[in-house]
Amino acid sequence: MDEFKFIDSIKQSYYRQSSVIKGIGDDCAVIREGYHDIITAVDTMVDEVHFSRETMSTYDIGYRVLAANISDIAAMGAWPTSYMISIVIPDEYTDEELQSIYQGMDDLARGYDMDLIGGDTVTGKQLVISVTIHGIVPKGKARYRSAMEAGDILFVTGTLGDSSAGLDLLLGRIEASDGVDYLTARHRQPTPRVHFSHQLTHLDRLALNDVSDGISSEAHELAQASNKTVYIDDEQVPINPYLKQFCLEKQTYYKYSGGEDFELIGSVAPQHMRELKNIANQQGLLLTIIGEIKDQPNTNGNVFLRKSGIITPLEKRGYTHKNEG
Ligand SMILES: Nc1ncnc2c1ncn2[C@@H]1O[C@H](COP(=O)(O)OP(=O)(O)O)[C@@H](O)[C@H]1O
Ligand SMILES: Cc1ncc(C[n+]2csc(CCOP(=O)(O)OP(=O)(O)O)c2C)c(N)n1
Ligand SMILES: [Mg+2]
Ligand SMILES: [Mg+2]
Ligand SMILES: [Mg+2]
């Protein structure tokens with residue numbers, strides 16, 4: 001079964017606690033606590049699946065696993081406050097290596113004033129790190145994948161595909177004459193877009209998702225959660241100039257299916273777009289309009305690509321975990 005079918009199969013049909021504002025189905029769960037909503041999520045990284053000793057130092061493993069979790073908090077428009085670590089440690093890891101995993105996390109956490117507040121330690125065959133993260137947002141201001149409306153503008157932060165191109169460089173699957181350091185750094189130490197979404201708290205409505213599996217997957221998650229049709233203009237999807245040295249087939253794969261850029265994709269009403277641009281500009285962050293949202297009952301839940309006047313369905317071809325059962 002693939003991960004998405006599995007998650008559907010175990011999802012409760014309703015929540016027993018009235019404080020659960022959002023359970024399974026978004027980047028984080030949301031729990032109401034007085035005037036604030038508490039945001040929480042857990043994400044796990046496994047040796048040979050999310051990193052390998054070839055692609056990452058122990059410092060980067062720590063940095064990246066926390067960055068991926070902070071990114072889910074950013075995708076809710078929240079501010080990250082604390083985290084807990086569950087770690088499976090294989091015999092061959094030295095004390096110095098373990099310290100350096102935690103140093104990578106702490107260096108990132110310090111920038112947001114986050115605290116490590118607990119965790120669990122066990123030994124096992126493979127390094128596995130699981131982060132439970134908490135964040136906070138004013139009551140009712142969590143940003144959902146389901147908030148898209150017809151007429152909204154689709155946008156994305158940063159450039160797409162850098163991380164997966166960086167991974168292919170690290171694994172020796174491709175060669176580059178330029179940009180190796182930049183692309184590999186984007187893979188090893190991604191920047192979650194917390195400041196951007198946090199500055200948008202005053203907006204009444206905003207739909208957000210973060211890019212972990214590739215936008216072909218995340219755009220579908222938005223379209224399905226909102227029951228709308230998403231149109232993406234292929235020529236507008238931003239890629240770093242360094243990606244243009246690779247063949248077109250690879251460029252297309254990286255930008256739509258590569259994943260792990262931890263950028264934000266979302267939509268707002270057209271009248272708010274200028275404000276979003278101004279905020280992004282002030283932060284030195286690239287923000288690009290890549291499409292629009294329509295309400296078309298026959299195609300809602302789907303994503304289409306517009307290219308040279310031709311419209312084709314965009315398949316959901318992001319990274320999907322599967323097992324044989
Ligand atoms: N094994 C699981 N048990 C319960 N909920 C899960 C499980 N795996 C994922 N989820 C939930 O399913 C949703 C989608 O998860 P995921 O695709 O990992 O989100 P993201 O890409 O933002 O990390 C989330 O709400 C997450 O909390
Ligand atoms: C060694 C190695 N091989 C492959 C990848 C690529 N990869 C692994 S998991 C993944 C998708 C994101 O991870 P996931 O567990 O799905 O995170 P989530 O969607 O829950 O945030 C990608 C693109 C990698 N990062 N490292
Ligand atoms: Mg996410
Ligand atoms: Mg996840
Ligand atoms: Mg995923």
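How much accessible area per residue does the stretch 145-313 have, counting only protein heavy atoms and a probe of 1.4 Å, in square angstrom?
Values: 7080 Å² over 169 residues.
Here the residues of the stretch 145-313 average 42 Å² of exposed surface.
If the only charges are +1 at each Lys and Arg Cβ and -1 at each Asp and Glu Cβ, what is the size of the charge dipole of the chain around the Cα centre, to the nearest 20 debye? Working shown, then result.
Details: 30 positive and 47 negative charges, 254 e Å.
With Lys and Arg at +1 and Asp and Glu at -1, about 1220 debye.
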Exercise. Using the alpha-carbon centroid of each, what span in Å lies between the stretch 1-38 and the stretch 164-184?
Worked result: 37
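In this model, which of Lys22/Lys277; Lys5/Lys255; Lys11/Lys307; Lys11/Lys228; Lys5/Lys277 are farther than 31 Å apart at the alpha-carbon? Write down the numbers at each step before the final one.
Details: Lys22/Lys277 29 Å; Lys5/Lys255 25 Å; Lys11/Lys307 37 Å; Lys11/Lys228 22 Å; Lys5/Lys277 37 Å.
Cα-Cα > 31 Å for Lys11/Lys307; Lys5/Lys277; rest within.
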Exercise. Counting alpha carbon pairs within less than 8 Å and at least 6 residues apart, what relative contact order, in whole percent, applies to the chain?
Worked result: 22
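Could you estimate the translational diffusion coefficient of the chain from the Stokes-Einstein equation, with Rh from the Kirkwood formula over C-alpha pairs, at 37 °C and 0.692 mPa s, in whole µm²/s?
On the way: Rh = 20.3 Å.
Answer from the Stokes-Einstein relation: 162 µm²/s.
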Exercise. Can you tell which of Thr312, Thr201, Thr229 shows the greatest fluctuation in a Gaussian network model of the chain with Cα springs below 10 Å?
Worked result: Thr312
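Using a 1.4 angstrom probe with every protein chain in place, what is the largest-first accessible-area order of Lys5, Lys228, Lys307, Lys125? Walk me through the numbers on the way to the answer.
Details: Lys5 130, Lys228 35, Lys307 100, Lys125 195 Å².
These residues rank, largest area first, as Lys125, Lys5, Lys307, Lys228.
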Exercise. Counting only the heavy atoms of the protein chains, how much of Ser19 is accessible to a 1.4 Å probe, in Å² to the nearest 10?
Worked result: 40
Exercise. Excluding ligands and nucleic acids, what accessible area in Å² is computed for Arg188 using a 1.4 Å probe, to the nearest 10?
Worked result: 70
Problem set entry | Most fluctuating residue given options Glu263, Glu96, Glu275, as computed from a GNM of the chain linking Cα atoms under 10 Å | Glu96
Exercise. Could you state the number of Å between the C-alpha centres of the stretch 220-277 and the stretch 99-124?
Worked result: 31
Seminar exercise, completed: With the dipole of the stretch 20-148 defined by +1 on each Lys or Arg Cβ and -1 on each Asp or Glu Cβ, the option from Ser100, Ile136, Pro80 whose Cα lies farthest towards the positive pole is Ile136
Exercise. Counting only the heavy atoms of the protein chains, how much of Ile289 is accessible to a 1.4 Å probe, in Å² to the nearest 10?
Worked result: 70
Exercise. Among residues other than His187 whose Cβ falls under 14 Å from its Cβ, what is the net charge (Lys/Arg +1, Asp/Glu -1)?
Worked result: -4
For this session: Pull out the extension gain between Asp295 and Ser18, defined as 0.36 nm times the separation in residues minus the alpha carbon to alpha carbon distance; nm, one decimal.
Result: 96.6 nm
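Using only alpha carbon positions, build the gyration tensor of the stretch 38-116, then give the equivalent ellipsoid semi-axes as the square roots of 5 times its eigenvalues, largest first, whole angstrom.
Working: eigenvalues 104, 36, 23 Å².
Over the Cα atoms of the stretch 38-116, the ellipsoid semi-axes are 23, 13, 11 Å.
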Problem set entry | Chain lengthening between Lys139 and Glu33 when straightened (0.36 nm per residue, less Cα-Cα) | 37.3 nm
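Once fully extended, how much extra length lies between Ile117 and Leu171, figured as 0.36 nm per residue of separation less the alpha-carbon to alpha-carbon distance? Can you show the working numbers first?
Values: separation 54, 0.36 × 54 = 19.44 nm, distance 3.48 nm.
Extra length from Ile117 to Leu171 when fully extended: 16.0 nm.
FRET efficiency for Ser146 and Asp106, Cβ-Cβ distance as r, R0 = 35 Å, nearest 0.05? Could you put the intermediate results ahead of the total?
On the way: r = 35 Å, r/R0 = 0.99.
With a Förster radius of 35 Å, E is 0.50.
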For this session: Could you point to the residue in Gln199, Val46, Gly258 farthest towards the positive end of the chain's charge dipole, with +1 and -1 charges on the Cβ of Lys/Arg and Asp/Glu respectively?
Result: Gln199
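Taking the Cα centre of the stretch 195-290 as origin and charging only Cβ (+1 Lys, Arg; -1 Asp, Glu), how large is the dipole, in debye to the nearest 20?
I would put it at about 260 debye.
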For this session: Can you give me the span-like helices of the chain, meaning DSSP H runs with 30 Å or more of Cα extent along the axis and Kyte-Doolittle mean at or above 0.0?
Result: none
Problem set entry | Positive-end residue, the chain charge dipole about Cα centroid, Cβ charges, pick of Leu305, Ser217, Gly179 | Leu305
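Given a 1.4 Å probe and every protein chain left where it sits, what share in percent of the accessible area of the stretch 82-232 is carbon and sulfur? Mind showing how you got there, number by number?
On the way: 2770 of 6110 Å².
The nonpolar share, carbon plus sulfur, comes to 45 percent.
When DSSP assigns beta bridges and you keep just the ones with both residues in the stretch 3-138, what percent turn out antiparallel, to the nearest 5? Numbers along the way, then the final one.
On the way: 27 of 37 bridges.
Of the beta bridges lying entirely in the stretch 3-138, close to 75 percent run antiparallel.
The values are calculated or read from the model by the stated rules, or taken from the named source; none is laboratory data. If you're wondering where the values come from, they're calculated on a predicted model, not measured in any experiment. Every residue, glycine as well, gets a Cβ built from its backbone with ideal geometry; the counts of neighbours run over all protein chains shown. Only protein heavy atoms, including side chains, enter the accessible area calculation; ligands, DNA and RNA are left aside. Shrake-Rupley method; radii C 1.70, N 1.55, O 1.52, S 1.80 Å.
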